[in-house]
1. 5 Å is the cut-off here: which amide hydrogens, built 1.01 Å from N in the peptide plane, fall below it relative to residue 11, excluding neighbours closer than 5 in sequence?
2. Please report the accessible area of residue 110 (heavy atoms, 1.4 Å probe, ligands and nucleic acids excluded) in Å², nearest 10.
3. Once amide H atoms are placed 1.01 Å from N in the peptide plane, what residues at a sequence separation of 5 or more from residue 139, or on another chain, have their amide H within under 5 Å of its amide H?
4. Roughly speaking, to the nearest percent, how much of the chain's 1.4 Å accessible area is carbon and sulfur?
5. In nanometres, what is the gap between the two model label sites at residue 150 and residue 165, each 7 Å from Cα along Cα-to-Cβ?
6. For residue 46, which sequence-distant residues (separation of 5 or more, or a different chain) have an amide H within less than 5 Å of its own amide H, given hydrogens modelled in the peptide plane?
7. Keeping every protein chain present and rolling a 1.4 Å probe, give me the accessible area per residue for the chain in Å².
8. Compute, for the chain, the length of the dipole vector about the Cα centre, with Cβ point charges of +1 (Lys, Arg) and -1 (Asp, Glu) only. Units Debye, rounded to 20.
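The values are calculated or read from the model by the stated rules, or taken from the named source; none is laboratory data. Treat the numbers as computed from the prediction; the structure is a model and nothing was measured. Here Cβ is always computed from backbone atoms with ideal geometry, including for glycine, and neighbour counts include all displayed protein chains. Ligands, DNA and RNA are stripped out before the accessible areas are found, and what is left, the full protein with its side chains, is counted by its heavy atoms. Shrake-Rupley method; radii C 1.70, N 1.55, O 1.52, S 1.80 Å.
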Amino acid sequence: AYSVIWTGTSFVTIGTTGKCATSPDGVTWTNQTGLSSTAWSSENGSALAWNGSVIVALGNSTGGKCATSPDGITWTNRTSLGATAWGGNVGYGVAWNGSVFCAIGTASVCATSPDGATWTFRSDFKNSCWDSNGSPYNANAINWNGTQFVVFGEYGACSISVDGTNWV
């Protein structure tokens with residue numbers, strides 16, 4: 001497994017080849033086939049986020065694969081993340097701030113979404129601390145602390161944002 005979240009009623013985890021499982025207690029797990037049946041059969045799930053009504057899953061192969069689910073059982077494949085200027089980059093992390101999901105990945109890519117289905121690429125995320133001689137660093141981890149997103153990446157690169165749009 002590469003990521004696990006708590007939805008308030010169950011744990012949901014994702015892993016290699018679209019594998020997904022749910023558990024009410026973290027001890028007893030049920031394999032779910034919904035994610036692997038949405039064209040994720042060769043996709044490794046890399047990150048999960050929950051906003052209180054929808055789970056967003058990111059994939060870690062090229063193309064910004066994204067799927068959403070209300071429960072970790074039934075999944076809907078979303079193509080709009082890869083259809084933005086995200087392009088062929090890999091998704092490494094996603095977080096929810098109460099208003100938007102914020103997804104990050106290779107080559108300093110960043111995108112936001114109010115619902116996990118429609119994504120807006122954020123070109124302003126990449127700044128001087130995320131680039132070395134024209135080669136952008138990977139953004140590897142993101143979290144929300146109640147007031148700001150914090151993103152860490154290669155070589156100690158770090159950015160913060162209160163809205164996922166404006167970064168320092």
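1. Long-range HN contacts for residue 11: 23, 25, 26.
2. 0 Å²
3. Close amide H contacts, sequence-distant or interchain: 105, 106, 107, 108, 109.
4. Details: 3800 of 7360 Å².
Using a 1.4 Å probe with all protein chains present, the chain comes out at 52 percent carbon and sulfur.
5. Simple spin-label model gives 2.5 nm for this pair.
6. Here the answer is 58, 59, 60, since their amide H atoms fall under 5 Å of that of residue 46.
7. Values: 7360 Å² over 168 residues.
Value for the chain: 44 Å² per residue.
8. On the way: 5 positive and 8 negative charges, 37 e Å.
In total the dipole reaches around 180 debye.
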